[in-house]
Amino acid sequence: MRLDIRYRTTFIYDDVVTESQNELRACPIADEYQDLIRYRVSVLPSTKVSSYTDYWGTRVDTFGHRSPHVGLEVLAEATVDTKPRPQPAGACRPDSLLAPDFLDLHGEYLERTPHCDWGKAVADLAEEHVAQTGPDVVGRVLALHRLVGTRVEYRKGYTQVGEPVDEVLSHGYGVCQDFAHLAVSFCRSQGIPARYVSGYLFTRDETVLDDAELDDDEPVRVQTHAWFEAAVPGWGWFGLDPTNQQAVGQRHVKIGHGRDYDDVQPLRGVFSGAAGAMVTPDVEIRRLAMAEVGSPALPGRLLQQHQQQQ
């Protein structure tokens, strides 16, 4: 499936900012399941963009302004071909998780992290469900994936990115980041390496993937999405989306992975000045090409209007 993606973030400051420095993680990765056809980043006011690949393998675009400004707009444009993803086949016994070579490669994804620091309630519930699945790693991962869906309801505006997983489990609601962090915590508490994934999802409703009525060139407005991948010995990383209770497929576009949200935060930065900031993120995806990615990017209406008022 070929998808065109435009990820635009607009910052409007309520006073003059003298300097800002930013990091953007919005570029889809190129791997065996997706081909990156085109990618470009545009910034207004115009500035140089530099790029590097971080420890986790994610492209990072960095840029800054050292002159006074009252607004900032970042536009990342990508075209990606996604491919079908196979599912693990055959039984994999839990004792293979303890093999020294496997632990050497995946040890970082077993550790507790700020957003995946589980307590007794999370570990006990995961252990209870794992005990009912039998001696098969894939079966255990699927059981923990389903468990998130039965215990957490999708609800916007009630949690922050740093919501502790124990509290997510306790109050039973959250957004995709909470679903992913809880799934990762369930897996790690049972000795299954798991990592947090950031990306995009081509659907009107990130809790449901039944969007067969979408026209080929119909744009869909979404936000960045999150899911998880569990390591299966002898097979590889198994991607599952607990928010909609589906395996990761061609509608998912992966940006990168890490131990939790902090390793793949889409956009982070700092600025100098006493101003407050209004941040407006927007992602548009469609199946057919929009304007050529290589064409000049235009400023969004929000930044244009703000600039006209100055």
Test Pro28 against the stated conditions and say whether it is outside the structural domain of Val141 (by TED's automatic domain parsing), closer than 20 Å to Pro281 by Cα and modelled with pLDDT of 95 or more. yes
Conditions first: (1) at pLDDT below 95; (2) small (Gly, Ala, Ser); (3) closer than 16 Å to Ala247 by Cα. Gly162 passes all but one, so which condition is the exception? (3)
Taking the stretch 124-143 and keeping residues under 24 Å from the mean Cα position of the chain (by Cα) and of a type outside the set (Val, Ile, Thr) leaves Ala126, Arg140, Leu142, Ala143
Strands (runs of 3 or more DSSP E) wholly inside the stretch 202-287 that include at least 3 residues being modelled with pLDDT of 90 or more, crowded, with 20+ Cβ neighbours inside 10 Å and assigned by TED's automatic domain parsing to the domain that holds Val175: 225-232, 236-241, 252-258
Please go through the stretch 59-112 and give me each residue that is touching a Cys at 6+ places or on another chain (Cβ under 8 Å) and small (Gly, Ala, Ser), ordered by number. Ala76, Ala78
Kindly indicate whether any position in the stretch 13-20 is without any contact (Cβ under 8 Å) to a residue 24 or more places away in the chain and not in a strand (DSSP E or B). no
Mind checking which residues of the stretch 21-53 are in a loop (DSSP other than H, G, I, E, B) and either farther than 20 Å from Gly239 by Cβ or among the basic types (Lys, Arg) (or both)? Arg25, Pro45, Ser46, Thr47, Lys48, Val49
With criteria (1) touching a residue at least 40 places away in the same chain (Cβ under 8 Å); (2) buried (at least 17 other Cβ atoms within 10 Å of the Cβ); (3) not β-branched (Val, Ile, Thr), Gly174 comes up short on (1)
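Residues that are in the same structural domain as Pro242 (by TED's automatic domain parsing), in contact with a helix residue (DSSP H, G or I) (Cβ under 8 Å, 6 or more places away or on another chain) and of a type in the set (Val, Ile, Thr): which helices (runs of 4 or more DSSP H) entirely in the stretch 55-156 hold 2 or more of them?
Per the criteria, 120-130, 137-151.
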Total residues in the stretch 81-114, condition touching a strand residue (DSSP E or B) at 6+ places or on another chain (Cβ under 7 Å) and under 27 Å from Asp178 (Cα atoms): 7
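The values are calculated or read from the model by the stated rules, or taken from the named source; none is laboratory data. Here the structure is a predicted model, which is why all the values come from computation and not from measurement. Don't worry about glycine lacking a Cβ; one is built from the backbone with ideal geometry, like all the others, and counts go over all protein chains shown.
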